[in-house]
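The values are calculated or read from the model by the stated rules, or taken from the named source; none is laboratory data. Nothing here was measured: the structure is a model prediction, and the numbers come from that model. Here the Cβ positions follow ideal geometry from the backbone for every residue, glycine too, while neighbour counts run over all protein chains shown. We work out accessible area using only protein heavy atoms, side chains counted, and drop any ligands, DNA or RNA first. Shrake-Rupley method; radii C 1.70, N 1.55, O 1.52, S 1.80 Å.
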Amino acid sequence: MSGLPHSPHALVTGGGRGIGRAIAAALVEAGATVTVLGRSAATLEEAVSAGAAHFAVVADVSNETSLKAAIAEASARQPIDILIANAGSAESAPFSKSDSALFARMMDVNFMGVVHAVSAVLPGMKDRPYGRIVAIASTAGLKGYAYVSAYTAAKHAVIGLVRSLALETAGSNVTVNAVCPGFTDTDLVAGSIENIMKKTGRSREQAIAELAKHNPQGRLISPREVADAVLWLCGEGAGAITGQAIAVAGGEI
């Protein structure tokens, strides 16, 4: 497997913690210059201090103006060769209690955040000899889950976007793919665990088991496992891989 070209610049949205931070750290280890983007300056700066990234820019991916300004700041330092559109948020509720505001929040962060980031980097990326766009979707982009209809709809939209963009960019050196983790051991899933405990009275171990049961391997995915899949897609040897939605889910999909 061939690795990254010499010192590409990677931008990771939601890069201060969880899957995003693991991806950023893996890219640093592979020789990339990495900028992490997120809403919390303190969280991002801690990632930089720990060596998981080189630079940080602050923006909310659901705010197009703020996001594009932050990406322009990062691009001015070095053109962006790799975009990891990772930032996301999950809220759970039965469909009967999922109002239009909930659907709008899930679409704004999980789908439009990807749209805004891609639209900011793609024009310049297509003019260069190498470009990689990887959206961190979810197994919820490939199947349904009860009580997260808004989140699931948004992640399905991300997969559709990836497949269409891959065809539009196929004549360039840019590839566009999605990585779809199952339930992963992150702060986001920790919130789901707390929610299960609160609503059902189950212990933490029982709540974790409730989520892990979706994975035939009977466990949560580690952020580093997701990062390794992303790193492969970003390598020069993955130039023929585009338009794919790759599940990292222990055989669930």
Over the chain, with neighbouring protein chains present, the accessible area per residue in Å² at probe 1.4 Å is 44 Å²
Using alpha carbon centers only, region 198-229 is separated from region 146-191 by a whole-angstrom value of 20 Å
Carbon/sulfur accessible area of region 1-72, % of total, 1.4 Å probe, equals 51 percent
Expressed to two decimals, region 174-218 has a Cα Rg over Rh, using the Kirkwood radius, of 1.14
Between Asn195 and Arg224, Cβ-based FRET efficiency (R0 30 Å, step 0.05) works out to 0.75
Sequence order, region 56-61: Karplus ³J(HN,Hα) from phi using 6.51 cos²θ - 1.76 cosθ + 1.60, θ = phi - 60°, Hz rounded, Gly and Pro as x, gives 9, 9, 9, 6, 9, 5
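Give the residue list of chymotrypsin sites (Phe, Trp or Tyr not before Pro) in region 71-138 that are DSSP loop and have at most 13 other beta-carbon atoms within 10 angstrom.
When the chymotrypsin sites (Phe, Trp or Tyr not before Pro) of region 71-138 are filtered for loop state and at most 13 Cβ neighbours within 10 Å, nothing remains.
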Taking the chain, the lysine pairs whose C-alpha atoms sit under 27 Å apart (8 or more places apart or on different chains) add up to 17
Taking a crude spin-label model, label points 7 Å out from Cα along the C-beta direction, the Arg105 to Arg204 distance in nm is 2.5 nm
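Roughly speaking, to the nearest percent, how much of region 102-214's 1.4 Å accessible area is carbon and sulfur?
Carbon and sulfur: 56 percent of the exposed surface of region 102-214.
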Contact order relative to length for the chain, counting C-alpha pairs under 8 Å separated by 6 or more residues, stands in percent at 21 percent
